[in-house]
1. Keeping all protein chains in the complex and leaving out DNA, RNA and ligands, what accessible area do you get for Ser137 with a 1.4 Å probe, in Å² to the nearest 10?
2. Please work out the FRET efficiency for the pair Glu15 and Asp77, using the Cβ-Cβ distance as r and a Förster radius of 22 Å; give the result to the nearest 0.05.
3. Given Phe92, Thr167, His70, which one lies farthest toward the positive end of the charge dipole of the chain, if we put +1 on the Cβ of every Lys and Arg and -1 on the Cβ of every Asp and Glu?
4. Add -39500 (n - 2.57) for each DSSP H run of 4 or more in the chain, then divide by its residues: what number comes out at 222 nm, to the nearest 500 deg cm²/dmol?
5. Could you work out which residue, out of Ala72, Ala134, Ala156, moves most in a Gaussian network model of the chain, that is, has the largest mean-square fluctuation with Cα springs under 10 Å?
6. Comparing Thr29, Thr11, Thr126, which has the greatest mean-square fluctuation in the GNM of the chain with Cα pairs linked when under 10 Å apart?
7. Carbon and sulfur together cover what percent of the accessible area of the chain at a 1.4 Å probe radius?
8. Hey, what do the phi angles of segment 107-116 turn into as Karplus ³J(HN,Hα) couplings, whole Hz, using 6.51/-1.76/1.60 and θ = phi - 60°, x for Gly and Pro?
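The values are calculated or read from the model by the stated rules, or taken from the named source; none is laboratory data. The model shown is predicted, which means the values in this text are computed figures rather than measured ones. Don't worry about glycine lacking a Cβ; one is built from the backbone with ideal geometry, like all the others, and counts go over all protein chains shown. The accessibility values were calculated without ligands, DNA or RNA, using every heavy atom of the protein model including side chains. Shrake-Rupley method; radii C 1.70, N 1.55, O 1.52, S 1.80 Å.
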Amino acid sequence: MTEQFRADPPTVADERVLLQGFLDYHRGTLLWKLSGLTGEQLVQRAVEPSSMSLIGLVRHLSEVEKYWFHRALAGHDSPPKHWSAEHPDGDFDLADPAAAEQDLAEFREIVKTSDTLAAKYALDDTFLRPGYEAPYSLRYLYIHMIEEYARHNGHADLLRERIDGATGE
């Protein structure tokens, strides 16, 4: 079943292919953790008192992808959709079961755009994050995103198991 969501990253390849492979693997793992659930299950806060939910993780990672790849790396005007000063945790707190499929579709589109943008840069190319002075490399960005997904996939494991007992590998 996991094959429809993710492929193992290569074990021998150049650095760029390895980094992209691991990022894709973790993105696919997240989608696998959500598979087969209803909108109501996807917004379920399965670990009280946390507001974290599976679809909230998707919404959060959509914002993280947009921030790092779209805004920071490429300099695009890509304001947050799911959080604001009024709702700093809106990605989790404002999740709607009726919008779960739309949230997943948006995530997939954001990921495609992120990959298209990253492909235009070399790993050693640098960029400035909004509000920060130190430069960041695309290599750093890949490693940071792999770490971000790996951490949140651990959360997704726990949430999914709490919802219906399904466990990962």
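1. 30
2. After rounding to 0.05, the efficiency reads 0.10.
3. Result: His70, furthest along the dipole toward the positive end.
4. Using -39500 (n - 2.57) per qualifying helix, the result is -16500 deg cm²/dmol.
5. Per the Cα network of the chain with a 10 Å cutoff, Ala134 tops the list.
6. Of the options given, Thr11 has the highest mean-square fluctuation.
7. Carbon with sulfur: 53 percent of the solvent-accessible area.
8. 4, 4, 5, 4, 4, 4, 5, 4, 5, 4
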